[in-house]
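Enquirer: So that we are looking at the same thing, I have put the structure below in structure tokens.
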Amino acid sequence: MLRWLRRRWRRCLPLVFFAAIVVLSLRNDMSPSSGDSNDPDTVAGSPKQQTAGQLVVPHKAANKGFRKSLQVLPEKDTKSSLGEEFLPKQQHPEPVNSRSQNGRNAHHQEPRFKIFVYDLPSRFNTNLTSCVHTHSDGCYKLDNFGMGPELRRHDHLSYRDTHRLSTEVIIHEKMLKSRHRTLDAEKADAFYVPFYAALACNCRKNIDGNLPGLYDELWRYLASVTPYFGRSGPPRRPHFMTLGKIEREFWASSCPLLRNSDRTSGITFLTVEQEVNEELRKYFKRMDAKMIVVPYPSYGHFDSSYTNSLGVEKPASFPSDVKQTTRDVRMFMAVGSRKGHDVRVILKRYMTGTSQRYATFTASSSKQRRNAVWYSTPECRKDMQLPIIDWMRHAVFCLQPPGESLTRKSFYDSVMAGCIPVTFKPKKRSASVVYPFQDSLDYSRFSMNIPLDEVLSGAVRVPDRLRIIPDSRITYMQRQLAEAAPKLQYSYPPTSEDGDAFSMIVEEMRRVAA
């Protein structure tokens, strides 16, 4: 055999080479590649699924090149390269509720906008609160964070004895609780001065009448605390302060805060009404002054937990008993018995006057007499809040004629009672009358305006104008009113994020400070 091979080995050599090539090729096909030596698909002879982090890939798709790419890619890159069709259902990203970012979950995040609240000596705020309590014969009830004692509750809506001049106290209390508050002045984007300017004016007789001296003390104190207010001229950083009265009243000699334009022109004031008379604004150098118009405090306050939970999936609404109340008064007006503005005299001619509560009046009057009612509201009558609320809850339209100024606290009371407000703006200055958050709220959806000039001239009879409004339009406006109401009231009690008018105010402050 050996002799045979030695004679014929050269002839068999090609066959040997061919056989060796076949054997090596078969071995390569049967063994895993070097890059797959740890592949779990071939453990103990049974196939398994390939796992990369939480990504599961079917075994059929696990060819060599695909498995190799899974091993070298990070988890986030693997997901993005494969697409969502390979993600298990529980791993799909859930849609984010837009309100949850602004509402309940927002306070878990670090706020981008920070406010430093000055810790003023008590003579600039709390002493003034005590002063008006002592000398007002019980008219001012500024406890409970400035919102007064509770009068009645309907589910998530509380009616309280809230004074119209309590804005300064309420906003101060909310600033102290806000998630936007910082104790580090260096990190602040804005500075808030909690001076109760309106209460100081009403209590001037009890502070020796020296309001200019009190103002000078305030400016000196602010300059001594931080370098951002300065000892003269406008502040060096954005500063804000609340005015509980209309802007015009702070130009009076008895309340002259805004007469010192050198110190106040650089402060952005949060005020319940901005003056529309341009001549007055020019005279007192307020033409270019920045102001944020805020709501008067109404009797109605939603619970903070309720307004903070509102969102796209949970629109705002009044409690069921408010929505189901029979509104058998077509138009209602709550005004004082004194003459006031001429338009009030005209409106009273169309209406039945009374000082009785709704239940007492309707029990003894015809349907025609209660179609249009005006209710007399004496100044500082301690038992008038609930009767006003009851009348508004039974009315479709609540007339808001101007008095000493073009805007009224009653506007916001009617909003919180679900009664459509009817305003009377003069044509000439209609655009100058600013209501809170007009860039965000479309007032034409939930309120009406009848030009003041047309009512005074007799061109328009208000009852006739309101009578022709179809029920479908009224229903639409009532629904829009319910959605806007949370943004036009101050929720109780103050929390880190309330989803109310204060949240809107902070957003306005952020824009001004930017």
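The values are calculated or read from the model by the stated rules, or taken from the named source; none is laboratory data. Predicted model, so just to flag it, every value in this text is computed and none were measured. Cβ: placed from backbone, ideal geometry, glycine included. Neighbour counts: every protein chain shown. What goes into the accessible areas is simple: the full protein's heavy atoms, side chains included, and nothing from ligands, DNA or RNA. Shrake-Rupley method; radii C 1.70, N 1.55, O 1.52, S 1.80 Å.
Enquirer: In whole Å, what are the Cα extents of the range 363-470 along the three principal axes, biggest one first?
Expert: On the principal axes, the range 363-470 reaches 42, 31, 27 Å in Cα extent.
Enquirer: Of Lys141/Lys367; Lys245/Lys290; Lys339/Lys427, which sit over 28 Å apart, Cα to Cα?
Expert: Too far apart for the 28 Å limit: Lys141/Lys367.
Enquirer: In the structure shown, do any of Lys205/Lys282; Lys177/Lys382; Lys314/Lys425 have a Cα-Cα gap over 32 Å, and if so which?
Expert: Beyond 32 Å between Cα atoms: Lys314/Lys425.
Enquirer: Let me ask another. Report, by chain and number, residues whose modeled amide H sits under 5 Å from the one on Asn449, excluding near sequence neighbours (fewer than 5 apart, same chain).
Expert: Here the answer is Thr423, since their amide H atoms fall under 5 Å of that of Asn449.
Enquirer: While we're here: Find the accessible area per residue for the range 333-391; the probe is 1.4 Å, ligands and nucleic acids are left out, and the unit is Å². Numbers along the way, then the final one.
Expert: Details: 3070 Å² over 59 residues.
Computed with neighbouring chains in place, this is 52 Å² per residue.
Enquirer: How do the peptides 360-368, 411-419 rank, highest first, by the average count of neighbouring beta carbon atoms within 10 Å per residue? Let's see the in-between values first.
Expert: Numbers: 360-368: 11.9, 411-419: 25.8.
Going from most to least packed, we get 411-419, 360-368.
Enquirer: Same structure, new question: Set Lys and Arg Cβ to +1 and Asp and Glu Cβ to -1, take the dipole of the range 126-231 about its Cα centre, and tell me which of Ala185, Ser166, Ser130 lies farthest positive.
Expert: Result: Ser166.
Enquirer: Then there's this: So, by mean Cβ neighbours within 10 angstrom, what's the order for 497-508, 216-227 with the highest one leading?
Expert: Descending packing order for the listed peptides: 497-508, 216-227.
Enquirer: Turning to a different aspect of this structure: Taking N as the number of residues in the range 269-353, what is its alpha-carbon radius of gyration divided by 2.2 N^0.38 Å?
Expert: Compared with the compact-globule rule of thumb, the range 269-353 sits at 1.66.
Enquirer: By per-residue mean of other Cβ atoms within 10 Å, what is the highest-first order of 112-123, 386-397?
Expert: 386-397, 112-123
Enquirer: With each label point set 7 Å from Cα along the Cα-Cβ vector, what nm distance links Val312 and Ile468?
Expert: That separation, rounded to one decimal, is 4.0 nm.
Enquirer: How high is the FRET efficiency from Lys427 to Asp262, r the C-beta distance, R0 45 Å, rounded to 0.05?
Expert: Calculated transfer efficiency: 0.80.
Enquirer: Expressed in nm to one decimal, what extension gain is obtained for the pair Lys205 and Cys139 from 0.36 nm per residue of sequence separation less their Cα-Cα distance?
Expert: 22.1 nm
Enquirer: Hey, any idea what % of the range 421-514's accessible area is carbon plus sulfur with a 1.4 Å probe?
Expert: C and S atoms contribute 48 percent here.
Enquirer: Using a 1.4 Å probe on the protein heavy atoms, what percent of the accessible area of the range 208-328 belongs to carbon and sulfur?
Expert: 46 percent
Enquirer: For the range 138-151, in order, what is each residue's ³J(HN,Hα) by Karplus, 6.51 cos²θ - 1.76 cosθ + 1.60 with θ = phi - 60°, in whole Hz (x at glycine and Pro)?
Expert: x, 6, 8, 10, 10, 7, 6, 6, x, 9, x, x, 6, 9
Enquirer: Which Rg and Dmax, in Å, describe the Cα atoms of the range 303-353?
Expert: 18.0, 47
Enquirer: Still on this structure, I have one more. How about the range 230-328: which trypsin sites (Lys or Arg not before Pro) there are in a DSSP loop, with at most 11 other Cβ atoms within 10 Å of their Cβ?
Expert: Arg231
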